[in-house]
Amino acid sequence: MLLTKLHIPPAGNNIVHRPELFDNLNTGLSRKLILVSAPAGFGKTTVVSDWIDQNKIPATWYSLDNGDNDPAIFLSYIISGIQSLHSAFGLSALKLLNSANKPSVESIASLLINEILNINQNFLLVLDDFHLIKSNEVLKLVTYLLEHIPGNFHIVILTRSDPALSVSRLRSQHQLVELRSSDLSFSANDISVLFNKKLKLGLSIDDVYSLETKTEGWIAGLQLTALSMQGRKNISEFIQDLKGDNRYIMDYLMEEVLKIQTDDIKEFLLQTSILEQMSAPLCNAVLNRNDSQLILETLEKNNMFVIPLDTERNWYRYHHLFAELLKQRLNLREKATIIELHNKASEWFYNNSMPLFAIEHAIVTENFEKSMLFLGEIVETMWKNGQHAAIMKYGDLLPDEIIKKNADFCLYYAWILIIAGQIQKAEPFLVSAEIFTNNIINDKNSSKEDVQYNKKLSGKISVAFAYLYSITADSERTFSYGKAAMENLSEDDPLWFSWGWYSIGMAEMYRENFKECIIAFEKALEYGKKSGNIYLITTIANRLSTLEARMGLYTSSYKKCSDLITFMKESGYSQITKSECTYAGVYSSMAGIESMRTDFDDALENIKTAYNLCKNESNITIKVHVLMVYSLALLGRGDLAGVKKMINEADNILKQNIVLPTTMSIYISMKGFMLIEQNELEKANHFFKENELEYDKKIPYSHEHAYIDYARLLILEMKFSEAEIILSKLLKMAQAANRIERIIETKIIYAILNKATGNKEKAIKYLIEALEDAACENILMSFVLFHSNISDLLKEVYKIQATTTTKIPKKLIDKLKLALEKREKFMKNNLGSVLSDRELDTLKLIAEDLSNQEIADKLFVSINTVKTHVKNILLKLDVEKRTQAISKAKEMGII
């Protein structure tokens, strides 16, 4: 980190104070944003710096450059700047930023906002040269800050052009103060003060007005004019000769300024213009001289557009506009001369432990081999410190064939590409890295140190491969690379060791070895906690809790989620759990478990949190999964209208996106369930066929959710043997892994099947077994969902439980009855949303006193379909006759 970037630039010796502008700026101390927007050379930095100095305003200053388009770097500088005012500020956020995998920058920003609230002081954050910010992520971050900053914190943006922020909204909310070029331009009075009082040049009133007209108060032009006047006898004639627009005048004045310099100083100015910041040792190295400190101090003293970057006068920079004009003249020289200057600068920065600057100068000269050599040495540190955007920038900038020669850069660049979803782009870099490391490991001439280093690197590459293939659900390659990773990694590196165990866990999950999978995930979580990486810990805990829930181990699963939230709170990151989309999965898991236990109030509270967290989530799989868990909780409550809304939202997402197979299966299950509930059997059949469900196909673990509801449809279509084939497969799969939730669900559908085939005794037996299985974890959701199909059977079970000895606890029956009563009450109060669209159409025609045949003709359906609709209407409205249905529907406002 360059602390010079946080130095407030001094106003200079010949400063013209601007009290009228200070009054405008003072207004900004009660606003969110002060925007100072004007082209180069209008004194933006000077006026704000002078205002802060004259009024002793607590402020932190951040001079931006192109490297600050990395959100992690951007936030790190802001934190360091505020620490100059409050030393303990942002320590937790900084720890998160400087990690290999981190929460979103908005989440980290929310931590900072909470800390700012606790600062009992008004202060400013000045962002100078904001026009250099092109990153959408950084712009989004600043927008977030402006929307949420408390009243004691004000942002000042200095820029050559208006930023892509919500400026108009802030203006309409009276949260914006603006200074434009028309405000900043020097008046005739300001010009007189500068030239006569400060510089003692003795301009006449006519000369002052003439300068105001010719330069339009452009301060940089006026400063160059003052420099050009040195040693001239006829100043009035010189002013009269100034003609043209500001750019022409600037070029003319620049030539005049350079003309009056010694050849030595002129060369110094031109050759050092390649440097974004300069120190005497750097300039000495680049120019082969030893007097640079004296020259820099003399240039500053003579107002030659040289700005000190620290109080010790060690580092300087040119005014940006002055530097641009110098570079234009330097670029007229031979290219070889300029390349040599950049090469010397690159070497000096590298030798003085400033590799990023060394890389930038090497890239300018297109010396990509040197750039990659330097990058390879620091890329791991950059990755660990969260500088992922910078790695992506270099990866996109440098040729692929150069990158593929450096295994270290290939690994970390590929990892970031995988996280960003660019799997196809990432894989070739990992292949190159794998070949490179294997060649060194297998080369007999390699040193022991090189072999050891590359074995460890090979382990990390294997983790990246395993992670990549876990996303594509390639279980064999995930497992193979996971094993290879563990052979080359050790507990000494808990971060990578944890990812290795996670990869093995994913492979075992895809292979349906759930016991081994849980062991691997628990190992991964153990080492993840040792690494302290919050993202990794969250990812593993979430995956582990989801798997345990699918196996019916709800108590353990729920504890994993609650322990994680407690861990975050104790680590000082409780705000992250309510602002970071990663935690949508945690709250979703908790809501799913609460739904399965029929604790629907708690479930809805948690799933609403998850839903809000993933609104802007780019991970479509998480978003659709949350929508389906939301549907489940609403379904348990009896809010069918809410379920339809969630399914419609998922429909819209899935029209253009693909999600993981498990999530897709849950969606198919939920939508199929709703179609069956609404008696849309033909639509349900078409929907299942469209998603390639067949009774005689092998059922993968990832697809089993959908087959439960497909089996129920087959029963309603009286395709009993086909339904039985599916159920036998599902039960066998579930019992093999002891997945209680699926066992319960399958036995309930078996009960429905036996009831439909007239084997009531066997149906009751299956239902009793299902309730006995549910007792240990209170897994009651399926009994609620399929209640309309098993209500008569449940009544028989209640009698048996009350009169004979079973393994069904009374409190379980009581809990189920209570859930059903609450659901029935809710549905009665919201009956309009319970009826399907076809049932509503049928009800309206019944109210017109049409017969079943007439209704069938009107709706273009069979008379049997109409009879089914009428039966459902009577059942849902809890009446026995058509006339009673009409009366109740009118009473409730349904028709």
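The values are calculated or read from the model by the stated rules, or taken from the named source; none is laboratory data. Note that the structure is a prediction, hence the values are computed from the model and not measured. Virtual Cβ from ideal backbone geometry, glycine too; neighbours counted across all protein chains shown. All accessible areas refer to the heavy atoms of the entire protein, side chains included, with ligands and DNA or RNA removed. Shrake-Rupley method; radii C 1.70, N 1.55, O 1.52, S 1.80 Å.
Points worth noting:
- Rolling a 1.4 Å probe over the heavy atoms of the protein chains gives the range 196-262 an accessible area of 54 Å² per residue.
- Shape of the range 53-129 from the C-alpha gyration tensor: oblate (a/c of 1.5 or more and a/b not above b/c, with a ≥ b ≥ c the square roots of its eigenvalues).
- The range 733-813: translational diffusion in µm²/s, Stokes-Einstein, Kirkwood Rh over Cα pairs, 10 °C, 1.306 mPa s: 126 µm²/s
- Neighbours of residue 875 by Cβ distance under 14 Å: Lys/Arg scored +1, Asp/Glu scored -1, total +1.
- Diffusion coefficient (Stokes-Einstein, Kirkwood radius over C-alpha pairs, 10 °C, 1.306 mPa s) for the range 475-604: 105 µm²/s, rounded to a whole number.
- Pair residue 189, residue 291: separation of 7 Å Cα→Cβ label points (nm): 4.5 nm
- Principal-axis analysis of the Cα atoms of the chain puts helix 368-384 at an angle of about 50° to the longest axis.
- Based on the Stokes-Einstein relation at 25 °C and a viscosity of 0.890 mPa s, and on the Kirkwood radius from alpha carbon pairs, the chain is assigned a translational diffusion coefficient of 75 µm²/s.
- The modelled label-to-label distance for the pair residue 381/residue 716, using points 7 Å beyond Cα in the direction of Cβ, is 6.5 nm.
- Global geometry of the range 423-510, whether rounded, prolate or oblate, following the gyration tensor of its Cα atoms and the 1.5 cut on a/c: oblate
- For the range 509-545, backbone nitrogen atoms closer than 18 Å to the point 7 Å from residue 95 Cα along Cα-to-C-beta are found at 526-539.
- Rough spin-label spacing in nm, given labels placed 7 Å along Cα→Cβ, for residue 298 and residue 117: 5.7 nm
- Relative to the dominant Cα principal axis of the chain, helix 640-654 is inclined by about 50°.
- With one equal scatterer per alpha carbon and no solvent term, the Debye-computed log10 I(q)/I(0) for the range 264-387 at 0.09, 0.14, 0.18, 0.21 1/Å reads -0.27, -0.63, -0.98, -1.22.
- Total formal charge among the other residues, if their Cβ is under 10 angstrom from that of residue 597, Lys/Arg +1 and Asp/Glu -1: -3
- Carbon and sulfur %, accessible surface of the chain computed with the full protein complex present, 1.4 Å: 49 percent
- The gain in end-to-end length when the residue 814 to residue 333 segment is fully stretched comes to 164.1 nm, 0.36 nm per residue minus the alpha carbon separation.
- With a Cα cut-off of under 14 Å and a minimum spacing of 8 residues unless on different chains, the lysine pairs in the range 413-519 number 4.
- Pairs exceeding a 19 Å alpha-carbon distance, out of 266/301; 683/719; 529/623: 529/623.
- For residue 451, the shell of other residues with beta-carbons less than 13 Å away shows a net charge of +1, using +1 for Lys and Arg and -1 for Asp and Glu.
- Were the residues from residue 85 through residue 65 laid out at 0.36 nm apart, the gain over their Cα-Cα distance would be 4.9 nm.
- Descending Cα extents along the principal axes, the range 92-132, whole Å: 32, 31, 14
- Orientation-averaged projection of the range 636-696 equals 4.8 nm² [convex hull of Cα atoms, one quarter of hull surface area].
- With the Kirkwood sum run over all distinct C-alpha pairs, the range 563-671 has a hydrodynamic radius of 14.0 Å.
- Between helix 246-259 and the chain: long-axis angle, C-alpha atoms, 0 to 90°, nearest 10: 50 degrees
- Segments 123-134, 534-545 sorted - mean Cβ within 10 Å per residue, highest first: 534-545, 123-134
- Structure-based [θ]222 nm, the chain - -39500 (n - 2.57) summed over DSSP H runs of at least 4, per residue, nearest 500: -21000 deg cm²/dmol
- Here residue 198 is the anchor, and the aspartates and glutamates within straight C-alpha reach of less than 15 Å, apart from those fewer than 8 places off in the same chain, are 190.
- Across every direction, the projection of the convex hull enclosing the Cα atoms of the range 118-190 has a mean area of 6.5 nm².
- Sites residue 284 and residue 251 - FRET efficiency at Förster radius 30 Å, r taken between beta-carbons, to 0.05: 0.50
- The range 844-895 shape via C-alpha gyration tensor axes, a/c threshold 1.5: prolate
- Using a Förster distance of 45 Å, the FRET efficiency for residue 874-residue 169 (Cβ separation, nearest 0.05): 0.25
- Cα extents of the range 78-234 along the three principal axes, largest first (Å): 65, 34, 31
- The chain, dipole about Cα centre (Lys/Arg Cβ +1, Asp/Glu Cβ -1), debye to the nearest 20: 2460 debye
- FRET efficiency estimate (nearest 0.05) - Cβ-Cβ, residue 799 to residue 756, R0 30 angstrom: 0.90
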